[in-house]
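Down below is the structure, laid out as C-alpha cells.
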C-alpha cells in the first residue's frame, strides 16, 4: 500500500485513525496492539506472504533481546522479573554475545538473500560468459522477489538488539510493544529509520493532543503535495532523458537536475507524510531532511540528507569499525567502507557500489583537507561544486545499469555524439508545464523553508495553504495511476 494511493487516503487512513482514537482511553498496550495489526495489514496488502517474513524477524529479535537482558536461554523461568538496561561498561557473557551474533547474522543473511541473490546470479553469469562459457548451464533459473521495505525494518530491528546489548535501552518484555515498533505503518516501508532508543519511551507513554494532530495534518498535506505536484513531474523529465538512447549535453544536465529534484521531493515527501502520520498517532519522529542541496561539502550533505540512515551508518557501522580513533589511513578506509556498504544497502548493483564509493571518496578527501583546500573557496562556489558532485552520483543511482550510467555521463561531459532525432526530445522536455514544475522545485529547494520549519507554528493562513496544497494534490492524483515511491524498492 502506498501513501499516495486512493485505497490509503480514502479508506485505510480514515479507518485507522477512527479505530485508534476510539481507544483513546484504553491502555497504551491496546493501542500498540492495534498499530501492530494495522501495520501488518498495510504491509501485507501487496503480498500477504511477506507478513510472515517480517513477523519471524520480529519474533526472533525480540526473543534474543530478552535472552541478552536476562542473560539466560531459559527466559521463561525469569519472566516475571523486571527488565532493566544492562550496565554499559560491564563485560558481556558468552551467552549474551552469542545471542547478539545470532540476531545480527540472521538479519543480514535474510537481507542478503532477498536483496543480493539475483545480483550474485547475474554477476556469476557475466563472469562465465566473459570466460567463454555458457551462463545458462551454470546459473539457476530461480529468481527472488524483493520484499518491500526489508532494508528499513531490518535496520530498525538491528538497532534494537544492538541498543539492548550496549545498554542504551532496555529490552521490551512485551512482544506486542516491540511488534508495534517494527511494523508501525507510517515508517515501515521507506523510513525514516528510527532508533529504538529514540522511540522506547513513546511506545510506553505518549500523548494525543490537538496540536500534534494539526501539525501532523500539515506535514502530511505538504508531503503529499511534494510527491504529486513536484516529484512526479520531475520524474517524467528524468524518465525521458535517462530512457533516451542519445541526448544532447544540455538535455542530459536538465534530466540529471530533474532527477535530483525528483528523488529529493519523492523521499522527503514520504518522510514528511510519515512524520505527519506519527504525530497524528501521538509519536514524534526525528527530522530526516534539512535542506541537503544547500550543502557546501559532501560531509555537510550527509548531515542533511536521509539523516536517519547516515546516523544509523555512523553509530552502527562507522564507529564500530573504529571511526577516526585509529589513525588517518584507517579513518579514510572506514569512511570508504561505510559508504560502499551504504550504497549496497540501497540495491544490488555495481551502480550503487560506485555511488557509495564516490561519496566515500569525497568524504575521505574532505576529511584529509581539514580547514584548508576547497574549504577556502567562497561558499557559493562550494555549494555549486557539491551539487555537481551529487548530480554525478545521482546518475549512477538512476541509470538502469553501469554502461547506461557511463553513456549518460559522457553526454553530460559533451563527449557523446547525439544521434539523429535526439533534438526531438526538446519538444517533450521543455513544455511550459515541466519548466514551471522544475522552476518551482528549484525555488522550494534553495529559497523556501522546509516542512519541519514551516509547521513549527501553524497559523490560520498556513492552515489554509496546507489544505489548498492537499486539495490540489488530490485533484492531480485522481488523474494519475500508480504512484510508487522511489525508496520502496530499497
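Nothing in this text is a laboratory measurement; each read-out follows from the coordinates by a stated rule. As the structure is a prediction and not an experimental result, all values here were calculated from the model. Virtual Cβ from ideal backbone geometry, glycine too; neighbours counted across all protein chains shown.
Data for the structure
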| item | result |
| --- | --- |
| Cα gyration tensor, the range 374-443 - rounded (a/c under 1.5), prolate or oblate | oblate |
| Extended-chain gain in nm, criterion 0.36 nm per residue less alpha-carbon gap, residue 28 and residue 236 | 70.4 nm |
| Fully extended contour minus Cα-Cα distance, from residue 389 to residue 117, at 0.36 nm per residue | 94.9 nm |
| Relative exposure of 177, 211, 251, judged by other C-beta atoms within 10 Å (fewest first) | 211, 177, 251 |
| Sorted by Cβ neighbour density within 10 Å, fewest at the top, the residues 1, 184 | 1, 184 |
| Translational diffusion of the range 217-327, µm² s⁻¹ [Kirkwood Rh, Cα pairs; Stokes-Einstein; 10 °C; 1.306 mPa s] | 100 µm²/s |
| Structure-based [θ]222 nm, the chain - -39500 (n - 2.57) summed over DSSP H runs of at least 4, per residue, nearest 500 | -21000 deg cm²/dmol |
| Cα-projected label distance for residue 468 with residue 166, points at 7 Å along beta-carbon direction, nm | 4.6 nm |
| Inter-centroid distance (Cα atoms) of the range 153-187 relative to the range 359-424, Å | 38 Å |
| Percentage relative contact order, the range 268-350, counting C-alpha pairs under 8 Å, at least six apart | 16 percent |
| Under the Debye formula (equal points on every Cα, no solvent term), log10 I(q)/I(0) of the range 211-489 at q = 0.10, 0.12 Å⁻¹ | -0.58, -0.83 |
| Rounded Å value of the spacing that divides the Cα centres of the range 1-36 and the range 201-263 | 24 Å |
| Footprinting exposure proxy for 24, 408 (fewest neighbouring C-beta atoms within 10 Å first) | 24, 408 |
| Among 256-265, 160-169, the order from most to least packed when residues are scored by Cβ within 10 Å on average | 256-265, 160-169 |
| Percent RCO, i.e. relative contact order, over the chain, from Cα pairs under 8 Å lying at least 6 residues apart | 19 percent |
| Where the Cα pairs of the chain fall when distances are cut into 20 Å bins, in % | 21, 55, 23, 1 |
| For the range 141-281: rounded, prolate or oblate by the Cα gyration tensor [a/c cutoff 1.5] | oblate |
